[in-house]
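Enquirer: Below is one structure. I have some questions about it.
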Amino acid sequence: AEYSYGIAAMVALVHDVLVTLAALALGNHLGIVNGEINLAMIAVFLTIIGYSVNDTIVIFDRVRENLPKSDKPLREVLNTSINETLSRTIMTSLTVFLAIFVQYVWNIGTGNVLESISYAMLFGTISGVYSTVYIANPIFLWLETRSQKQKTDGGAQARARREEERKRLERERKDEAEGEDMQPEKV
């Protein structure tokens, strides 16, 4: 289970960086922003990663708290955990988004670094929020469901193999017993 949390968070982080990079490339292409990949932009990508992983960790931590005290399926525990942390996610994201939006509005058309930084952060913030809820959690659910299915299928397959082996041995014993009955007795 610990690997599932990490893999789901990493997929969400890769998604966030790629969406932000695509938005920056599109903004450059359309002439909306002059965003270069430089040291400041790398800092933006790292900030987006930190912001997104923090949000993901908050939800996954709530999932870990709720799993032992609930007998519901994992899907429902995930939904409950997301709902419990949703107000925190919205308030934090909205505060960050508004601050970055004001920074972007004040720097539109200046061509300075703050324009491209705030442009990238706007898309990174939006991407970070929805990737936590709509990418990390479904991937975690899929990995856990797949893992549980393999465990149960693996057990069923092992039982089926043991049953086949038992039947084969019974047939061999039966054939041996019939073979002994067919041989003539020595006098």
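The values are calculated or read from the model by the stated rules, or taken from the named source; none is laboratory data. Given the structure is predicted, the values throughout are model-derived calculations rather than measurements. Glycine also receives a Cβ, built like all others from the backbone with ideal geometry; neighbour counts cover every protein chain displayed. Side chains included, ligands, DNA and RNA excluded: accessible areas come from the protein's heavy atoms. Shrake-Rupley method; radii C 1.70, N 1.55, O 1.52, S 1.80 Å.
Enquirer: Hey, any idea what % of the chain's accessible area is carbon plus sulfur with a 1.4 Å probe?
Expert: Looking at the chain in its full context, I get 62 percent from C and S.
Enquirer: Would you work out which of Val133, Ile100, Phe60 lies farthest towards the positive end of the dipole of the chain, given +1 charges on the beta-carbon of Lys and Arg and -1 on that of Asp and Glu, about the Cα centre?
Expert: Ranked along the dipole, the leading option is Ile100.
Enquirer: Shifting gears a bit: Give me the net charge of Gly128's neighbourhood, meaning all other residues with Cβ under 15 Å from the Cβ of Gly128; Lys, Arg count +1, Asp, Glu -1.
Expert: Charge balance near Gly128 sits at -1.
Enquirer: Starting from the residue with the highest accessible area, list Thr95, Thr125 in decreasing order, probe 1.4 Å.
Expert: Final ranking, largest accessible area leading: Thr95, Thr125.
Enquirer: Quickly estimate the mean residue ellipticity at 222 nm for the chain, helices only: each DSSP H run with n ≥ 4 gives -39500 (n - 2.57), and the total goes over all residues, rounded to 500.
Expert: Only helices count here, giving -30000 deg cm²/dmol.
Enquirer: Mind listing the Cα extents of region 42-96 along all three principal axes, in Å, largest one first?
Expert: Largest first, region 42-96 extends 43, 20, 14 Å along its Cα principal axes.
Enquirer: Taking the Cα centre of the chain as origin and charging only Cβ (+1 Lys, Arg; -1 Asp, Glu), how large is the dipole, in debye to the nearest 20?
Expert: Once rounded to the nearest 20, the dipole reads 300 debye.
Enquirer: Let me ask something else. Can you give me the accessible area per residue for the chain, using a 1.4 Å probe, in Å²?
Expert: I get 65 Å² per residue for this part.
Enquirer: Let me ask something else about it. Set the Förster distance to 41 Å, then compute FRET efficiency between Gln148 and Glu170 from the Cβ-Cβ distance, nearest 0.05.
Expert: Step by step, r from the Cβ atoms, then E = 0.80.
Enquirer: Any idea how far apart Leu46 and Asn83 come out in nm if each label point goes 7 Å out from Cα toward Cβ?
Expert: A separation of 4.0 nm, rounded to one decimal place.
Enquirer: When the solvent-accessible surface of protein heavy atoms is calculated with a 1.4 angstrom probe, in what order do Ser127, Ser70 fall, highest first?
Expert: Largest accessible area first, the list is Ser70, Ser127.
Enquirer: If I ignore ligands, DNA and RNA and count only protein heavy atoms, how much of Leu143 is accessible to a 1.4 Å probe, in Å² to the nearest 10?
Expert: 20 Å²
Enquirer: Give me the accessible area of Ile32, 1.4 Å probe, in Å² rounded to the nearest 10.
Expert: Its heavy atoms expose roughly 80 Å² to the probe.
Enquirer: If you don't mind, another one. Express in Å², to the nearest 10, the accessible area of Met91 obtained by rolling a 1.4 Å probe over the protein heavy atoms while all chains stay in place.
Expert: 120 Å²
Enquirer: Could you run the Debye sum over the Cα atoms of the chain, one equal point scatterer each and no solvent, and tell me log10 of I(q)/I(0) at q = 0.13, 0.17 Å⁻¹, two decimals?
Expert: These q points yield log10 I(q)/I(0) values of -0.77, -1.04.
Enquirer: Still on this structure: Highest GNM mean-square fluctuation, the chain, Cα pairs closer than 10 Å: which of Val77, Val105, Val96?
Expert: Evaluated over the chain, the most mobile residue of the options is Val105.
Enquirer: Given a Förster radius of 25 Å and the C-beta distance between Thr110 and Tyr130 as r, what FRET efficiency does 1/(1 + (r/R0)^6) yield to the nearest 0.05?
Expert: Here the calculated transfer efficiency is 0.30.
Enquirer: Sort Val63, Val53 from largest to smallest accessible area, using a 1.4 Å probe on the heavy atoms of the protein chains.
Expert: Reading off the accessible areas and sorting them downward yields Val53, Val63.
Enquirer: Connecting C-alpha atoms closer than 10 Å in a GNM of the chain, tell me which of Thr80, Thr89, Thr152 has the biggest fluctuation.
Expert: Among Thr80, Thr89, Thr152, the largest mean-square fluctuation in the Gaussian network model of the chain belongs to Thr152.
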